[in-house]
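**Student:** Provided herewith is a single structure, encoded as structure tokens, for subsequent inquiry.
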Amino acid sequence: MRSALTRTLTAAPPWSMAVAAMLTIQLANALSVSVIGQVGPAGTAWVRMCFGVVFLWMISRPAIRSIRRRDLPALIALGVVTGFMTAFFLAAVERIPLGTAVAIEFLGPLTVAGIMSHRRKALVWPLLALIGVVLLTEPWHGTIDLVGVGFALAAGACWGLYNVLTQHVGDRFSGISGLSLTIPVAALATLPVGLPQVLGGSLEWWVLPVAAGIALITPVIAFGLEMLALRRMTHTAFGTLLSIEPAFGVLIGLLVLAQAPTLMQVLGIALVVVAGTAAQHGGRRSAKPVVTTDVPATPGGVATPRAA
């Protein structure tokens, strides 16, 4: 069965795995809304991290003995950023539509890519995406949730830092092995804000099984699909595909959460997608065998898998 699955995944075009990964990530975010209503956004993030640790350790035991003292700062920082990237994003989703939250969050890695690029023109694309976000939030209606926007911006800042930190951690640890080390840190980092929400919330019988299922979707399945796609694509090609994720956020928000966008918001999403696509250049590379290093982010792109 495993060989058949491996052959199927190998035969599948890499872009299809990248698209599947993005859809599963947004599906997990949408499904998290029901859990947020019971144990809060920080509680949901923490429970997801805890189950993520269990699943990842079942797949790949962390290579603790291979950790060097100089690896610790980057591992700890990456784990903290990963945990709060999820917590901030779920706090945003609690207040604003999913597609809007994804678009605002995307400003983080897009801005980092523009700043780290050697081309000054690259800064045009984050500005174009910002215009798209303004159209999405429609502040002229006076109904914008500034707290929700702030949480989404914080999640975006964490995503940008995640891309930078992954470069360092990815030089030392493989994808799943690196996750099995950083997700426990993420669980510990979010424990002070997550556990009180869980204890003070309504922990009904279905909450933990649903949270476990969401954790299985992401990081385990989604990250695995992203890693398979990245082994057969250039970072810039993956980043171009990644730019359509805000549109997927709108689609999943519509199908799962019944969050229908206005015409102006659709235009805003289109601007964000165009900005993300224009910041990248396409390409493809041949499949490579599994290596012992992670797939790092590139200074000029945003193509880095997210852990949660």
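The values are calculated or read from the model by the stated rules, or taken from the named source; none is laboratory data. These numbers were taken from a predicted model, which means no experiment stands behind them. In this analysis, Cβ positions are derived from the backbone assuming ideal geometry, glycine residues included, and neighbour counts consider all displayed protein chains. Side chains are part of the model used for accessible areas, which takes the heavy atoms of the whole protein and leaves out ligands, DNA and RNA. Shrake-Rupley method; radii C 1.70, N 1.55, O 1.52, S 1.80 Å.
**Student:** Please work out which one of (1) within 18 Å of residue 245 (Cβ to Cβ); (2) touching a Gly at 6+ places or on another chain (Cβ under 9 Å); (3) assigned to a helix (DSSP H, G or I) is the condition residue 96 fails and give its number.
**Tutor:** So residue 96 meets the others, but not (3).
**Student:** Oh, and also: Tally up the residues in region 240-253 that are open to solvent by less than 10 Å² (accessible area, probe 1.4 Å) and more than 13 Å from the chain's Cα centre (by Cα), please.
**Tutor:** So the answer is 1.
**Student:** Which residues, taken from region 40-88, are among the basic types (Lys, Arg) and in contact with a helix residue (DSSP H, G or I) (Cβ under 9 Å, 6 or more places away or on another chain)?
**Tutor:** The answer is 48, 61.
**Student:** Quick one: residue 277 ticks every box in (1) among the polar types (S, T, N, Q); (2) modelled with pLDDT under 75; (3) surrounded by fewer than 24 Cβ atoms within 10 Å (Cβ to Cβ); (4) within 19 Å of the chain's Cα centre (by Cα) except a single one, so which number is it?
**Tutor:** So residue 277 meets the others, but not (2).
**Student:** (1) at pLDDT below 80; (2) buried (at least 24 other Cβ atoms within 10 Å of the Cβ): which one isn't true of residue 285, the others all being true?
**Tutor:** (2)
**Student:** Of 70, 65, 48, which residue is open to solvent by less than 40 Å² (accessible area, probe 1.4 Å), in a helix (DSSP H, G or I) and of a type in the set (Lys, Arg)?
**Tutor:** When all the criteria are applied, what remains is 48.
**Student:** Among the residues of region 223-233 satisfying the criterion of being open to solvent by less than 20 Å² (accessible area, probe 1.4 Å) and in a helix (DSSP H, G or I), which is modelled with the lowest pLDDT?
**Tutor:** Residues of region 223-233 that are open to solvent by less than 20 Å² (accessible area, probe 1.4 Å), as a first pass: 223, 226-227, 229-230, 233.
Next cut, in a helix (DSSP H, G or I) only: 223, 226-227, 229-230.
Values: 223: 82, 226: 82, 227: 78, 229: 82, 230: 75.
Residue satisfying both the conditions and the ranking: 230.
**Student:** A further question follows. Six or more apart or on different chains, Cβ under 6 Å: which pairs go from a residue in region 34-55 that's over 20 Å from residue 81 (Cβ atoms) to one that's among the acidic types (Asp, Glu) and open to solvent by 20 Å² or more (accessible area, probe 1.4 Å)? Could you list them?
**Tutor:** Going by the 6 Å Cβ cut-off, the qualifying pairs are 36/94.
One line per residue, one yes/no per condition, for (1) crowded, with 22+ Cβ neighbours inside 10 Å; (2) modelled with pLDDT under 95; (3) in a helix (DSSP H, G or I):
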| site | (1), (2), (3) |
| --- | --- |
| 32 | yes, no, yes |
| 36 | no, no, yes |
| 40 | yes, no, yes |
| 43 | yes, no, yes |
| 76 | no, yes, yes |
| 100 | yes, yes, yes |
| 106 | yes, yes, yes |
| 113 | yes, yes, yes |
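**Student:** Pick from 220, 207: which is at pLDDT 90 or above and β-branched (Val, Ile, Thr)?
**Tutor:** On the way: 220 fails: at pLDDT 90 or above.
Result: 207 is the single residue among 220, 207 that is at pLDDT 90 or above and β-branched (Val, Ile, Thr).
**Student:** Among the helices (runs of 4 or more DSSP H) lying completely within region 133-220, list those that include at least 1 residues that are open to solvent by 10 Å² or more (accessible area, probe 1.4 Å) and touching a strand residue (DSSP E or B) at 6+ places or on another chain (Cβ under 7 Å).
**Tutor:** Once the helices (runs of 4 or more DSSP H) in region 133-220 are filtered for at least 1 residues that are open to solvent by 10 Å² or more (accessible area, probe 1.4 Å) and touching a strand residue (DSSP E or B) at 6+ places or on another chain (Cβ under 7 Å), nothing remains.
**Student:** Considering only region 254-261, I want to know if a residue exists there that is part of a loop (DSSP other than H, G, I, E, B), among the polar types (S, T, N, Q) and modelled with pLDDT of 90 or more.
**Tutor:** yes
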